[in-house]
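Every number in this text was worked out from the coordinates using simple rules, so none of it is lab data. Computed from a predicted structure; not experimentally measured. Cβ: placed from backbone, ideal geometry, glycine included. Neighbour counts: every protein chain shown.
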Amino acid sequence: MSCVTTKSQEETVQLGARVGRLLRPGDFVALTGELGAGKTQFAKGIAIGMEVDPETPVTSPTYTILNIYQGRIPLYHFDLYRLEGAHDVEALGFEEYFSGDGACVVEWAERLEDELPGDVLTVTLEHAGVDERSVRFEWKGPRARAIVEQLPGAA
């Protein structure tokens, strides 16, 4: 586990962009944290790092559940806030994206319960001040660990 503190929304986005530059097909990033902690800002940064067109608005797919953005590889951006649990994800058939040709970024990933992939980077964002965020990186699996090890100041 490692932890970084960002001092502004812009720094949270920049940290996400650093992660996004490292993502490859099949990578899975689980974003956790309370409402307003910065999960969507971090996801916006990931989209920047994955070279999604800067003119494309990256928003939380709270009502649509999934937004797909095309960058150097597809970005599958999920928001599971409205779901009750892993059974809802199974019913919607989203697991096919979890090991597909793009990278998955999942807000409220704790709703997946035991359905998380075997190799997952969990990023937990917490309020550390008005604009400051504590960003904790935890990994399960060699690929997720390699991502964190490539982040300056996070390993």
Taking M1, M50 and counting other beta carbon atoms within 10 angstrom, the fewest-first order is M1, M50
Added length on full extension, which subtracts the Cα-Cα distance from 0.36 nm per residue, E113 to L151: 11.0 nm
The farthest towards the positive end of the charge dipole of the stretch 3-155, of the residues A37, G102, V148, given +1 on Cβ of Lys and Arg and -1 on Cβ of Asp and Glu, is V148
Considering amide H positions built from the backbone, and no H for Pro or chain starts, which residues 5 or more places from C3, or on another chain, come under 5 Å of its amide H? F137
When we measure straight from the Cα of K140, which aspartates and glutamates land under 17 angstrom away, once same-chain ones fewer than 8 places off are left out? D27, E110, E113, D114, E115, D119, E149
Pairwise FRET efficiency - V130 versus D88, Cβ, R0 = 35 Å, nearest 0.05: 0.55
In cubic angstrom, how much convex hull volume per residue do the alpha carbon atoms of the stretch 1-47 span? 87
